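Below: one structure, written as structure tokens.
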């Protein structure tokens, strides 16, 4: 995909989420059952980065964990909603392609339902590269994404999204290995008709 067009789509996605932030957030307060697996990845005292945190709902799952949590998103309005809901935690408007954190900083990095909103394969790989950079040695990257079996599917409105193809999952795994991640776990389940939910747990 042309870089300029990909950047246009990224900006449009941010603008779209800002337009529907409150309505979208109302559908994202509860924790879906497949998220429960994440609890086992987090230990007390860990420093956790939630990329594409939205309204911060991951914190609802981790509320009894003693962690240093930071959520980032490029939607200003979703970040404002997260701050209102969880004022004791840190939320930043940030670009996942260029994270404002030093190297070897986090114990875990979450990418929950993020990559399908990134239209360019090059940009998706840059996000993975940034996740590796900010992870500590032996840190854990958790990727959760939905795929569609009918090929690359981009939708305009109310929010632009591109669901990954089934064959993109092994490509992501291949790139993780190229970036010296160890694939610790892969789980898949059908959560919606015609779609596959994939969870990848990778270790730096």
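Full-extension gain between residue 12 and residue 84, please, as 0.36 nm times their residue separation minus the C-alpha to C-alpha distance.
That pair, residue 12 and residue 84, stretches by 23.5 nm at full extension.
How far apart, in nm, are two points set 7 Å out from the Cα along the Cα-to-Cβ line at residue 22 and at residue 113?
It works out to 2.0 nm between the two label points.
Which FRET efficiency, nearest 0.05, do residue 2 and residue 180 yield, Cβ-Cβ r, R0 41 Å?
Result of the calculation: an efficiency of 0.85.
What is the order of 130, 103, fewest Cβ neighbours within 10 Å to most?
Result, fewest neighbours first: 103, 130.
In what sequence do 8, 69 fall when counting other Cβ within 10 Å, fewest first?
8, 69
Order by neighbour count: 50, 68, fewest other Cβ atoms within 10 Å first, most last.
Least crowded to most crowded, the residues run 68, 50.
Readers should treat all values here as calculations from the given coordinates under stated rules, not as data from a laboratory. On a predicted model such as this, the values are computed, not experimentally measured, just so you know. Note that each Cβ is placed from the backbone with ideal geometry, even for glycine, and that neighbours are counted across all protein chains shown.
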